[in-house]
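Let me begin by presenting the structure, written as structure tokens, before commenting on it.
Bear in mind that the values in this text are calculations on the coordinates, not laboratory data. What you are looking at is a predicted structure, and each value in this text was computed from that prediction instead of being measured. Don't worry about glycine lacking a Cβ; one is built from the backbone with ideal geometry, like all the others, and counts go over all protein chains shown.
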Amino acid sequence: MNKKYVLTLIIFLLITQQNAFTHIIDDEEQNCIAKTGSTTEMNRCSQIALDSWNKEINNILYYLKKNTDLKTYKKIKQSQRLWEQYKNNEIQTFNKFDTEYSQGTMYKNVSKGYEVNIVKQRALQLQEYKNIYP
């Protein structure tokens, strides 16, 4: 089987892997994508979702700042900085594979979907912290 095809299939499956929990941001992104056949517009829908997940992260961090003690919040901020480094490295690595094996405009959507998924997972993780400090 063609290596590019297998890599593309694996990446697509990883990105489309669904959680048992769906969030309104996921629903809005899927509704937006369902309304278009353009890969450029699909990418725009995913960018909107990415912006929403980043806003969610910022809101949760603000909440945690107001509802945790200083020592705990410093650990959360340190964890966030390390996560930002991880996210940036992960996206750079993914995009390296993407540029080496890409054929067509759909790869931009796959790359954006990968980034959305990484940020979404962090937002959900921070939400768990928020649940600890009501």
Over the range 23-132, calculate the relative contact order: mean separation of alpha carbon pairs under 8 Å at least 6 apart, over the residue count, as a percent. 42 percent
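Dividing the convex hull volume of the Cα atoms of the range 23-132 by its residue count, what figure in Å³ per residue is obtained?
80 Å³
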Out of the trypsin sites (Lys or Arg not before Pro) in the range 25-92, which ones are loop residues according to DSSP with at most 13 other C-beta atoms within 10 Å? K35
Report the extension gain between K75 and Q30 in nm, rounded to one decimal, defined as 0.36 nm multiplied by the number of residues separating them, less their alpha carbon distance. 12.7 nm
Work through the residues other than K87 whose Cβ is under 12 Å from its Cβ and net out their charges, Lys, Arg +1 and Asp, Glu -1. 0
With charges only on Cβ, +1 for K and R and -1 for D and E, what is the dipole size of the range 23-132 about its Cα centre, in debye, rounded to 20? 640 debye
In nm, to one decimal, how far is the T39 label point from the N89 one, both placed 7 Å along Cα→Cβ? 3.0 nm
